[in-house]
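Encoded as structure tokens, the structure appears first; notes follow it.
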Amino acid sequence: MKKFDYLIVGQGIAGSLLAYFLVKRNKSFLVVDEVHTGSASRIAAGIFNPITGRRFVKTWMADEIFPFAEETYRELELFLGKKVFHQMNVIRKFGGQAEYREWELKCTLPSYQAYLEDTLAKKNTSGDDFGLVEIKNSGWLDVQTFTDSFRSRLLEEKILLETEFDGLDLVFENENILWKDFTFSKVIFCEGYRVLDNPFFKQLPFTHAKGEILTIRAKKLKLEKILSKGIFILPIGNHLFKVGSTYDWNDLDEKPTEQGKKELAEKLEKIIGNKFEIVSHRAGIRPTVIDRRPILGFHPVFSNLGILNGMGTKGISLAPFFANHFVEFLLDNKPLMPEVDLRRFMK
């Protein structure tokens, strides 16, 4: 039987980044992944933004995770020979006086200064227009190109199997795990929302959220930055824009809905008018956790079964830091941060 150090289950953002950091440490691994069209990594717009929400909350650990993410994605562009990382400011329109007042307070804080453009407090108090704010150190990752290119690299190296996987097929033998014709020291699950079907980790408090996204063509729309106004509008070139997204915590299938399409189209029309063509409409499931923090660690009983999951809506910015954090935990005996350690849910 062929032996590897690790079996990685799932090749989305988390699984790909875990594999990359293991490559850098010269560890052997096999990835198993059956493409699921509804995984967040397949349809995500890939936006990363350090300041979000109605109250302009600075992303948790922003000062650490954003520089690390940029460095990692720049490395990966060289590794893959593909342009995937795009820095692009976010232009946000205030939704009313309350948002503007919240921003006035936040922009005086020293911890926010690294994320503000010099020309950002453009206030217009006529009517209901409270102006715009511009946020930097933001942008987007071309998730489809990244995951597809990384997949091609794994296939070339013959370390990816495109097949169904069932955790119940694992055989535990002494310190090793057997699966098909292979043996592994550890298995790491990076399945995203497919953890719902995982017999070992599905009890963890995930609160998956379905999101729908449009790709539109709008030849007269002159937009060179990401616009956020209830929805986001992301320019991706050639008069194409991604528009999203919806949130649904109840309908967790992978099918886009007419309701979602209508909701996005109506919001978009209020912003840019009706001069756009819908090119595609897709849906995916975000792997979110009840406390909005990733989950890393090993099973309390099956000690060689690990998990790296729960990146949620901020996966593009969180995944590089925590994939590397997990590798340092595996190989350097560095402790996991309590905020992300799965033991926080153990009783």
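Residue check, Phe241 against (1) without any contact (Cβ under 8 Å) to a residue 40 or more places away in the chain; (2) open to solvent by 100 Å² or more (accessible area, probe 1.4 Å), all met but one. Which one?
It is condition (2) that Phe241 fails.
Give Glu164, Glu134, Glu117 a once-over and let me know the one that is touching an Asp or Glu at 6+ places or on another chain (Cβ under 6 Å), at pLDDT below 95 and open to solvent by 70 Å² or more (accessible area, probe 1.4 Å).
Glu164
If I ask for residues that are within 19 Å of Leu305 (Cβ to Cβ) and either out of contact with any strand residue (DSSP E or B) (no Cβ under 7 Å at 6 or more places or on another chain) or aliphatic (A, V, I, L, M) (or both), which ones from the range 146-174 would you list?
Matches in the range 146-174: Leu161, Glu164, Asp166, Gly167, Leu168, Leu170, Val171, Phe172, Glu173, Asn174.
Need the failing condition index for Ile236 against (1) under 25 Å from Glu134 (Cβ atoms); (2) open to solvent by 10 Å² or more (accessible area, probe 1.4 Å); (3) at pLDDT below 95, just the number.
In the conditions (1) under 25 Å from Glu134 (Cβ atoms); (2) open to solvent by 10 Å² or more (accessible area, probe 1.4 Å); (3) at pLDDT below 95, Ile236 misses (3) alone.
Looking for something within 19 Å of His86 (Cβ to Cβ), among the aromatic types (Phe, Trp, Tyr) and touching a Gly at 6+ places or on another chain (Cβ under 8 Å) - is there at least one such residue anywhere in the range 243-252?
The answer is no, given that none of the residues of the range 243-252 is within 19 Å of His86 (Cβ to Cβ), among the aromatic types (Phe, Trp, Tyr) and touching a Gly at 6+ places or on another chain (Cβ under 8 Å).
Of the numbered conditions (1) in contact (Cβ under 8 Å) with a residue 40 or more places away in the chain; (2) open to solvent by less than 40 Å² (accessible area, probe 1.4 Å), Gly230 satisfies every one except a single condition; which is it?
Failed condition: (2).
Can you confirm whether Glu102 is within 30 Å of Asp332 (Cα to Cα) and either in a strand (DSSP E or B) or not aromatic (Phe, Trp, Tyr) (or both)?
No; evaluated as a whole, the condition is false for this residue.
Filter the range 129-147 down to the residues that are more than 19 Å from the chain's Cα centre (by Cα) and part of a strand (DSSP E or B) and list them by number.
Leu132, Val133, Glu134, Ile135 - these are the residues of the range 129-147 that are more than 19 Å from the chain's Cα centre (by Cα) and part of a strand (DSSP E or B).
Given the structure, is Glu191 open to solvent by less than 20 Å² (accessible area, probe 1.4 Å), of a type in the set (Asp, Glu) and under 22 Å from the mean Cα position of the chain (by Cα)?
Judged against the criteria, Glu191 is not a match.
The values are calculated or read from the model by the stated rules, or taken from the named source; none is laboratory data. Since the model is a prediction, treat every value here as computed from it, not as a measurement. Here the Cβ is made from the backbone with ideal geometry for all residues, glycine too, and neighbour counts use every protein chain on show. For the accessible areas, the whole protein counts, side chains as well, though only heavy atoms, and no ligand, DNA or RNA atoms are used. Shrake-Rupley method; radii C 1.70, N 1.55, O 1.52, S 1.80 Å.
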